[in-house]
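Q: Sharing a structure here in structure tokens format.
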Amino acid sequence: MLNDFKQNFKGGARLNRFFVTGSIPFSGQSVSRFHIRASAIPQLQTQTLSYDYRGRKSHYPGEKQYPVWSITILDDNAPGDFWTAFQKWQNALNNHDANTVNNAVLRHQTQTFKSTWTINHMNLNGDEDTPLKKITLFGCWPKAINPINFNMNRPNALNVFDVVMVYDYLNIQNVT
């Protein structure tokens, strides 16, 4: 039985073999790869349309729903750190002081406030050139930038913060 398992199991995928690429508009940086510590492939969900038919419910697939996508990012203290970059992006969406939307964003949809991000799920050996899956999220923007929690009881831990992203739709590409 153990030999059957060994022959049929192809090594599996690891939780820590992934990287994310994308850009942060309005940040003044051309970031392409992120120090993301944790994430998940977004859930796929289809609404159900129900109709009464001869005394019973008949169910049909409806519209796709794309729930928010949460990521945990390592707080980098280099110039142009990610927390500040995300704050600039969100501030361009609605200014903190004036509580106004950046009109240039609304007028020029080609220079959009949205970005395209890709989750690359790497194979067992971590080969970046041949990922197992690529999930591209189109129309991403930060809905919430969660706080950085400070804690003197954890002197050897790195700061992290969570960002909740909204996106329009996604595309899943199985590479291997």
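Q: Scan the stretch 164-175 residue by residue and report those that are of a type in the set (A, V, I, L, M, F, W, C) and either at pLDDT 90 or above or not in a strand (DSSP E or B) (or both). Break it down stepwise before answering.
A: First pass over the stretch 164-175, keeping only residues of a type in the set (A, V, I, L, M, F, W, C): 164-166, 170, 172, 175.
Within the stretch 164-175, 164, 165, 166, 170, 175 meet the criteria.
Q: Right, another one. Enumerate the pairs (first residue in the stretch 12-30 and under 20 Å from residue 165 (Cβ atoms); second residue anywhere and of a type outside the set (Gly, Ala, Ser) and at pLDDT below 70) with beta-carbon separation below 7 Å, excluding pairs fewer than 6 apart on the same chain, so at least 6 apart or on different chains.
A: Pairs found: 23/31; 24/31.
Q: Could you please tell me which pairs satisfy a Cβ distance under 8 Å, a separation of 6+ or placement on different chains, a first residue in the stretch 150-174 that is farther than 17 Å from residue 40 by Cα, and a second residue that is at pLDDT below 90 and in a strand (DSSP E or B)?
A: 158/74; 159/74
Q: Would you call residue 161 crowded, with 17+ Cβ neighbours inside 10 Å, over 11 Å from the mean Cα position of the chain (by Cα) and at pLDDT 85 or above? Explain how you work it out, then say what you get.
A: On the way: crowded, with 17+ Cβ neighbours inside 10 Å: yes; over 11 Å from the mean Cα position of the chain (by Cα): yes; at pLDDT 85 or above: yes.
The answer is yes for residue 161.
Q: Still on this structure: From the residues in the stretch 24-57 that are aliphatic (A, V, I, L, M) and under 22 Å from the mean Cα position of the chain (by Cα), which one is modelled with the highest pLDDT? Show your work before the answer.
A: Of the residues in the stretch 24-57, the ones aliphatic (A, V, I, L, M) are 24, 31, 36, 38, 40-41, 44, 49.
Cutting the leftovers down to under 22 Å from the mean Cα position of the chain (by Cα) gives us 24, 31, 36, 38, 40-41, 44.
Details: 24: 87, 31: 68, 36: 77, 38: 76, 40: 78, 41: 78, 44: 82.
For the stretch 24-57, the residue satisfying everything is 24.
Q: Surrounded by 17 or more Cβ atoms within 10 Å (Cβ to Cβ), more than 14 Å from the chain's Cα centre (by Cα) and either at pLDDT below 80 or not in a loop (DSSP other than H, G, I, E, B) (or both): does that describe residue 123? Give the derivation first.
A: Details: surrounded by 17 or more Cβ atoms within 10 Å (Cβ to Cβ): yes; more than 14 Å from the chain's Cα centre (by Cα): yes; either at pLDDT below 80 or not in a loop (DSSP other than H, G, I, E, B) (or both): yes.
In short, yes.
Q: Scan the stretch 131-142 and tell me whether some residue there is at pLDDT below 85, more than 16 Å from residue 33 (Cβ to Cβ) and of a type outside the set (D, E, K, R).
A: Checking the stretch 131-142: at least one residue is at pLDDT below 85, more than 16 Å from residue 33 (Cβ to Cβ) and of a type outside the set (D, E, K, R).
Q: Right, another one. Taking interchain pairs and intrachain pairs at least six residues apart, which have beta carbon atoms under 6 angstrom, with the first residue in the stretch 120-139 and on the phi > 0 side of the Ramachandran plot and β-branched (Val, Ile, Thr) and the second modelled with pLDDT under 80 and buried (at least 17 other Cβ atoms within 10 Å of the Cβ)?
A: Within 6 Å, no pair qualifies.
The values are calculated or read from the model by the stated rules, or taken from the named source; none is laboratory data. Remember, it's a predicted structure, so these values are computed and weren't measured experimentally. In this analysis, Cβ positions are derived from the backbone assuming ideal geometry, glycine residues included, and neighbour counts consider all displayed protein chains.
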